[in-house]
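Novice: Quick one: the structure is below, and I'll ask about it shortly.
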Amino acid sequence: MIPEQFIELATQVDEVFFLIGVAILVIEIAEAWFKGSLKGKTWLEMLASASTQVPYLLLEATMMTALYFGLYVFSETVVSWHLPTTLPWIFLAVVIADLTYYWEHRIAHRVRILWTQHAVHHSSRDYNIVTAVRFGPLESLWSFIAHIPMVLVGFSPDVVLGSVILVQAYQTWLHTELIGKLGTLEWVLNTPSHHRVHHGCDNKYLDKNYGGILIIWDRMFGSFQVEEERPRYGLTTDFDSQNPVKVWFSELPGLWRDIKRAKSGRELWGRLFGPPGWKP
């Protein structure tokens, strides 16, 4: 398989998961309608989630396209060693991309400047399939940086990008309350049950279940939590806005206030790179 074929396959898989997401959305809306819980606020929340794709895709089409072009040039001109694109190596690339996603995701929860972007994904008090596309405008920039080591060890940028697409596409179906626990699959795969925990802001659920496709990373690195009672979704703060602009940039005003208040270089570092809520 040539790299271009793999990335085309990954894109097709992404489209399949998108259609699965659409089917889940239809069922979620129908269920809420029959239960009488389909309120105006629900629609506004879904629209706010979908609206995050506007700045996200705009930056994908400009800045991220330019960065990936540079990565292709770097791979061809600087990295003189290239791993084969046979199925075993592609499988390994997807596993490595999934492990990379685990750490990328975990770090984004613990470094405030990265959290300003990832918090957008967590800021909805509702939890439905539309939450899957709720992204911070610059969230893909950290993902890009985190996966550069894969290119340095010899994976083609197409294989790396295709692997990232697969890891992200898989997570689409996780954002729903329609699907309960899935028996033995819960031991290996990330499931809707595991991901509901990740979106919970209850103390027992905070900063748990970072996995993309596999949940084994959380079990290995001590961040696993089984779903017990239904999570309370959203942030630990009282953010509850459906204004698209406020959703896109919800964490930035607070960060800017803390930067202006910083009285030393050490405090500025802590405000930027310490965990959310860090204080001197």
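Only the coordinates and a few stated rules stand behind these numbers; no lab work does. Quick caveat, the model's predicted, so the values are computed rather than measured. So basically every Cβ, Gly included, is an ideal-geometry build from the backbone, and we count neighbours across all protein chains shown.
Novice: Can you name every residue in segment 23-41 that is assigned to a helix (DSSP H, G or I), free of Cβ contacts under 8 Å to residues at least 60 places away in the same chain and either touching a helix residue (DSSP H, G or I) at 6+ places or on another chain (Cβ under 9 Å) or surrounded by 10 or more Cβ atoms within 10 Å (Cβ to Cβ) (or both)?
Specialist: To start, the set of residues in segment 23-41 that are assigned to a helix (DSSP H, G or I) comprises 23-35, 40-41.
In the following step, the residues that additionally are free of Cβ contacts under 8 Å to residues at least 60 places away in the same chain were identified as 23, 26, 29-30, 32-35, 40.
Listed by number, the residues that qualify are Ala23, Val26, Ile29, Ala30, Ala32, Trp33.
Novice: Can you find a residue in segment 106-123 that is within 25 Å of Val22 (Cα to Cα) and among the charged types (D, E, K, R)?
Specialist: Scanning segment 106-123, I find no residue that is within 25 Å of Val22 (Cα to Cα) and among the charged types (D, E, K, R), so the answer is no.
Novice: What are the residues in segment 227-280 that are acidic (Asp, Glu) and not in a helix (DSSP H, G or I), if any?
Specialist: Selection gives Glu227, Glu228, Glu229, Asp238, Asp240, Glu251.
Novice: Also, quick follow-up: Tell me which residues, restricted to segment 174-199, are assigned to a helix (DSSP H, G or I), surrounded by fewer than 19 Cβ atoms within 10 Å (Cβ to Cβ) and charged (D, E, K, R).
Specialist: Here is the first cut: in segment 174-199, the residues assigned to a helix (DSSP H, G or I) are 174, 183-187, 192-198.
Retained after the next criterion (residues that are surrounded by fewer than 19 Cβ atoms within 10 Å (Cβ to Cβ)): 183-187.
Hit for segment 174-199 is Glu186, nothing else.
Novice: So for segment 84-97 (the condition being surrounded by 16 or more Cβ atoms within 10 Å (Cβ to Cβ) and not in a helix (DSSP H, G or I)), does at least one residue qualify?
Specialist: Within segment 84-97 (the criterion being surrounded by 16 or more Cβ atoms within 10 Å (Cβ to Cβ) and not in a helix (DSSP H, G or I)), the answer is yes, since at least one residue qualifies.
Novice: Does at least one position in segment 188-196 carry a residue that is of a type in the set (Lys, Arg) and more than 25 Å from Asp238 (Cβ to Cβ)?
Specialist: No.
Novice: Does at least one position in segment 13-23 carry a residue that is more than 30 Å from Leu83 (Cα to Cα), out of contact with any Cys (no Cβ under 6 Å at 6 or more places or on another chain) and of a type in the set (Asp, Glu)?
Specialist: no
Novice: Within segment 118-140, count every residue that is within 10 Å of the chain's Cα centre (by Cα), among the charged types (D, E, K, R) and part of a loop (DSSP other than H, G, I, E, B).
Specialist: The number of residues fulfilling the criteria is 1.
Novice: Could you check segment 200-226 and list, in sequence order, the residues that are free of Cβ contacts under 8 Å to residues at least 40 places away in the same chain and not in a loop (DSSP other than H, G, I, E, B)?
Specialist: Those that are free of Cβ contacts under 8 Å to residues at least 40 places away in the same chain and not in a loop (DSSP other than H, G, I, E, B): Gly200, Ile216, Arg219, Met220.
Novice: Any residue at all in segment 91-100 that's closer than 30 Å to Lys279 by Cα and in contact with a helix residue (DSSP H, G or I) (Cβ under 8 Å, 6 or more places away or on another chain)? Please lay out each step first, then the result.
Specialist: Initial filter on segment 91-100 (closer than 30 Å to Lys279 by Cα): 100.
Pick out the ones that are also in contact with a helix residue (DSSP H, G or I) (Cβ under 8 Å, 6 or more places away or on another chain) and you get 100.
Scanning segment 91-100 turns up at least one residue that is closer than 30 Å to Lys279 by Cα and in contact with a helix residue (DSSP H, G or I) (Cβ under 8 Å, 6 or more places away or on another chain).
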